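For reference, the structure is listed below as structure tokens.
The values are calculated or read from the model by the stated rules, or taken from the named source; none is laboratory data. Bear in mind that the values here come from a model prediction, so they are computed numbers and not experimental data. Cβ atoms come from the backbone with ideal geometry, glycine included; neighbour counts cover every protein chain shown.
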Amino acid sequence: MMRPHLCIAAVLWAACLPAAEKYSGPRPAKSDIPFLLHADNLVETETVEAKEESRKDEITYVVAGAGSTARTPLAGPIFLFQSEKVTPEKLELYRLEVKNGRREITFSKKKKKNDPRPYRLDMAVLDEGLYRIEVYDSLEAGEYSLTPAGSNQVFCFQVY
């Protein structure tokens, strides 16, 4: 049984905690699409369906065009994501190679050690269904894609 003076102390301590602040920053105009956060401005990532090309022991995912229309100068981009259907925890970030005027990434069908690995992401809940996604490591200049695991839907952007 809790002693009365401990109970009063716990109530006073809880009352002194600051109330959780409601998020008041910018919000994505569309749900289920990551938006690059640039100060108070949001830049919509390029949303496309990657085409799958199978070769004997490899699968290559291809996106048309040599560069994304969504660009950021930040080596540590931050995204805002309003989730309705896409689970933000399933998003993975990969670097794409530019070859023959298109962006692509190749995986082995046998899951080899040298297969591309996703970059680490940090995720924070800002409000109900609203997430802040940060890239854990610095990105070099190049083409990148966020994709829900197991999907050919990709959200492309360029770091310059």
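Of the conditions (1) over 27 Å from P26 (Cα atoms); (2) surrounded by 12 or more Cβ atoms within 10 Å (Cβ to Cβ); (3) more than 16 Å from the chain's Cα centre (by Cα), D127 satisfies every one except a single condition; which number is it?
(1)
Can you name the number of the only condition in (1) surrounded by fewer than 16 Cβ atoms within 10 Å (Cβ to Cβ); (2) over 17 Å from the mean Cα position of the chain (by Cα) that R120 fails?
Result: R120 fails condition (2) only.
If you take the residues in region 99-116 that are of a type in the set (D, E, K, R) and touching a strand residue (DSSP E or B) at 6+ places or on another chain (Cβ under 8 Å), which one is modelled with the lowest pLDDT? It would help to see each step written out before you state the result.
Filtering region 99-116 down to residues of a type in the set (D, E, K, R) leaves 99, 102-104, 109-113, 115.
Now drop any that are not touching a strand residue (DSSP E or B) at 6+ places or on another chain (Cβ under 8 Å), which leaves 102-104, 109, 115.
Details: R102: 97, R103: 98, E104: 97, K109: 84, D115: 88.
Step by step, filter region 99-116, then rank; the result is K109.
Pull out all pairs, ordered by first then second residue, where Cβ-Cβ is under 8 Å, the residues are six or more apart or on different chains, the first lies in region 131-155 and is at pLDDT below 95, and the second is surrounded by 14 or more Cβ atoms within 10 Å (Cβ to Cβ) and not hydroxyl-bearing (S, T, Y).
Y136/L121; A149/L91; A149/E92
Restricted to region 49-65, and to residues that are surrounded by 13 or more Cβ atoms within 10 Å (Cβ to Cβ) and without any contact (Cβ under 8 Å) to a residue 60 or more places away in the chain, which residue is nearest to the chain's Cα centre (by Cα)? Break it down stepwise before answering.
So in region 49-65, the residues surrounded by 13 or more Cβ atoms within 10 Å (Cβ to Cβ) come out as 50-51, 58-63, 65.
Those still in the list that are without any contact (Cβ under 8 Å) to a residue 60 or more places away in the chain too: 58-60, 62, 65.
On the way: E58: 25, I59: 23, T60: 21, V62: 19, G65: 21 Å.
Here the residue is V62.
Kindly indicate which of K85, K110 is assigned to a loop (DSSP other than H, G, I, E, B), surrounded by fewer than 13 Cβ atoms within 10 Å (Cβ to Cβ), under 16 Å from the mean Cα position of the chain (by Cα) and not polar (S, T, N, Q). Working first, answer last.
Values: K110 fails: under 16 Å from the mean Cα position of the chain (by Cα).
Step by step, each of K85, K110 is checked, and only K85 is assigned to a loop (DSSP other than H, G, I, E, B), surrounded by fewer than 13 Cβ atoms within 10 Å (Cβ to Cβ), under 16 Å from the mean Cα position of the chain (by Cα) and not polar (S, T, N, Q).
Inside region 66-82, can you point out the residues that are under 15 Å from the mean Cα position of the chain (by Cα) and either part of a strand (DSSP E or B) or hydroxyl-bearing (S, T, Y) (or both)? Before the answer, list the steps.
The initial filter retains those residues of region 66-82 that are under 15 Å from the mean Cα position of the chain (by Cα), namely 70-72, 74-82.
Within region 66-82, R71, T72, I78, F79, L80, F81, Q82 meet the criteria.
Would you be able to tell me the number of residues in region 130-151 that are surrounded by 13 or more Cβ atoms within 10 Å (Cβ to Cβ) and either in a loop (DSSP other than H, G, I, E, B) or of a type outside the set (S, T, N, Q) (or both)?
Of all residues in region 130-151, those surrounded by 13 or more Cβ atoms within 10 Å (Cβ to Cβ) come to 130-135, 139, 142-148, 151.
Now restrict to residues that are either in a loop (DSSP other than H, G, I, E, B) or of a type outside the set (S, T, N, Q) (or both): 130-135, 139, 142-144, 146, 148, 151.
Going through region 130-151 one residue at a time, the tally reaches 13.
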